[in-house]
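Here is the structure we will look at, set down as structure tokens.
The values are calculated or read from the model by the stated rules, or taken from the named source; none is laboratory data. If you're wondering where the values come from, they're calculated on a predicted model, not measured in any experiment. Here the Cβ positions follow ideal geometry from the backbone for every residue, glycine too, while neighbour counts run over all protein chains shown. Each accessible area value is taken on the protein alone, full model and side chains, heavy atoms only, with ligands, DNA and RNA left out. Shrake-Rupley method; radii C 1.70, N 1.55, O 1.52, S 1.80 Å.
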Amino acid sequence: MTSDILIRPLEPADAEAFRALRLEGLTVAPEAFGASYEEDVSVPLETIRARLSASPNAVFGAFADHALVGMAGFAVYDRMKARHKGLLWGVYVKAEWRGRHIAKRLVQQVIDHACQHVIMLEAAVGLTNDGARRTYHGLGFKPYGIQRKALRVGDTFYDEELLYLDLAGSGGA
Ligand SMILES: CC(C)(COP(=O)(O)OP(=O)(O)OC[C@H]1O[C@@H](n2cnc3c(N)ncnc32)[C@H](O)[C@@H]1OP(=O)(O)O)[C@@H](O)C(=O)NCCC(=O)NCCS
């Protein structure tokens with residue numbers, strides 16, 4: 001049951017909870033994220049607060065009894081010729097809350113939000129990350145390629161599947 005889970009956009013006041021969950025994800029699943037713990041641990045809270053208020057970029061959080069247990073991020077590409085595209089990033093659900101469709105709800109929120117701002121949503125997922133791949137494919141993301149050795153964690157390289165979701169026709173910019 002996920003009826004007791006509240007999904008909402010994170011606000012600057014959620015910066016500490018966001019930081020803790022983000023660092024947990026980077027620690028327990030380093031191969032799942034482009035960012036690394038070493039880089040993110042030194043990001044000041046003030047910078048995180050600013051990022052959490054930088055609309056239309058957004059981070060959606062899943063709350064269980066007021067505790068942040070999952071998150072999914074959305075960012076619009078910066079450059080003029082790429083501002084019609086957005087990126088799904090930072091999808092993470094605490095281990096004890098997995099298997100309850102929380103990631104599915106979080107990513108659906110990102111999609112709904114993205115529809116208001118971009119016409120294409122992109123994502124990258126580890127080729128062996130069955131849970132995330134199933135989540136994204138199930139929500140309509142299509143694979144368009146594989147990036148070999150996309151990430152390196154220590155001495156291990158990880159291939160990533162590149163995905164897109166075409167939002168054109170659903171009210172996108
Ligand atoms: C991947 C992750 C976000 C999934 O979170 P979750 O809340 O358990 O996922 P959901 O319950 O919403 O599952 C969505 C779908 O994927 C399936 N799924 C989830 N985890 C799975 C797994 N390990 N193996 C197979 N299928 C899985 C579910 O059965 C569900 O399918 P359905 O819609 O057909 O029922 C979570 O395992 C996680 O945080 N992993 C570590 C970080 C990570 O890999 N992030 C993704 C970066 S790209």
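Here are the numbers for this structure:
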item: Residue in region 35-52 that is within 16 Å of VAL91 (Cα to Cα), hydroxyl-bearing (Ser, Thr, Tyr) and over 14 Å from the mean Cα position of the chain (by Cα) present; result: yes
item: Residue selected from region 21-44 under the condition open to solvent by 60 Å² or more (accessible area, probe 1.4 Å) and small (Gly, Ala, Ser), by the criterion nearest to the ligand (Cβ to nearest atom); result: GLY34
item: Tally of residues being more than 8 Å from the ligand (Cβ to nearest atom), outside any loop (DSSP other than H, G, I, E, B) and open to solvent by 60 Å² or more (accessible area, probe 1.4 Å) across region 105-117; result: 3
item: Residue list for region 77-89, filter: in a loop (DSSP other than H, G, I, E, B) and open to solvent by 80 Å² or more (accessible area, probe 1.4 Å); result: ASP78, ARG79, ARG83
item: Output for region 118-136, where each listed residue is of a type in the set (A, V, I, L, M), open to solvent by 10 Å² or more (accessible area, probe 1.4 Å), assigned to a loop (DSSP other than H, G, I, E, B) and touching a residue at least 40 places away in the same chain (Cβ under 8 Å); result: ILE119
item: Region 137-148, residues that are in a strand (DSSP E or B) and open to solvent by 30 Å² or more (accessible area, probe 1.4 Å); result: LYS142, PRO143, TYR144, ILE146, GLN147, ARG148
item: Failed condition for ALA58, given (1) touching a Phe, Trp or Tyr at 6+ places or on another chain (Cβ under 9 Å); (2) surrounded by 20 or more Cβ atoms within 10 Å (Cβ to Cβ); (3) within 23 Å of GLY126 (Cβ to Cβ); result: (3)
item: Cβ pairs under 9 Å, 6+ apart, first in region 78-107 and without any contact (Cβ under 8 Å) to a residue 24 or more places away in the chain, second in a helix (DSSP H, G or I); result: GLY99/GLY131
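Residues checked against (1) assigned to a strand (DSSP E or B); (2) open to solvent by 50 Å² or more (accessible area, probe 1.4 Å):
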position	(1), (2)
GLU46	no, yes
ALA54	no, no
PHE63	yes, no
ALA72	yes, no
ALA75	yes, no
VAL91	yes, no
ALA103	no, no
